[in-house]
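Peer 1: One structure follows; several queries about it will come next.
Read-outs: derived from the displayed coordinates by stated rules, not from any lab. What you are looking at is a predicted structure, and each value in this text was computed from that prediction instead of being measured. Cβ coordinates were reconstructed from backbone atoms using ideal geometry, including for glycine residues, and neighbour counts include every protein chain displayed.
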């Protein structure tokens, strides 16, 4: 310590050091009052992971263009995304009737939506696959 440097490599503990106590986390309870098992929670997580999502931009475009989808149509798009994923597609154009959707396949997210009028003479870029329904 001649040169005025302080040595910080030593740590001195005074007293007893103990571990973190176990904290019981509450389990998820279903509506009937019973505990929900791991299998049920896993199924919910998988379904949520596999569900089709719509980006904020896509939602805005759908509102602007007055595009409304039924559950059956959303299921069709979701199945098209599954097919694209099987082929290794990352960004897909999904054509369904007079509607077009650009979908990021790995995240299962609809990025934008285009209606019949906007499709005409439109160029779709940055896609590596297309699914026609």
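Peer 1: Measuring from the lowest to the highest alpha carbon on each principal axis, how far does the range 52-132 reach, largest first, in angstroms?
Peer 2: So the three principal-axis extents are 31, 28, 22 Å.
Peer 1: Taking the Cβ of each residue in 94, 114 as the centre, tally the other Cβ atoms inside 10 Å and list the residues starting with the fewest. Don't skip to the end; give the middle numbers.
Peer 2: Values: 94 26, 114 21.
Fewest to most other Cβ atoms nearby, the residues stand as 114, 94.
Peer 1: Now, a different point. Between residue 44 and residue 75, what length comes free when the chain is fully extended (0.36 nm per residue of separation minus the Cα-Cα distance, one decimal in nm)?
Peer 2: Here the segment from residue 44 to residue 75 would lengthen by 9.4 nm.
Peer 1: If you don't mind, another one. Using a 7 Å offset from the Cα along the Cα-to-Cβ direction at both residue 86 and residue 57, what is the distance between the two label points in nm, to one decimal?
Peer 2: Result: 2.9 nm between the two label points.
Peer 1: Also: For the range 52-132, give me the percentage of DSSP beta bridges that are antiparallel, rounded to the nearest 5 percent. Let's see the in-between values first.
Peer 2: Values: 11 of 17 bridges.
Bridges in the range 52-132 are about 65 percent antiparallel.
Peer 1: Figure the gain on full extension for residue 127 and residue 66 (residue separation times 0.36 nm, minus the Cα-Cα span) and round it to one decimal in nm. Walk me through the intermediate numbers first.
Peer 2: On the way: separation 61, 0.36 × 61 = 21.96 nm, distance 2.42 nm.
Answer, rounded to one decimal: 19.5 nm.
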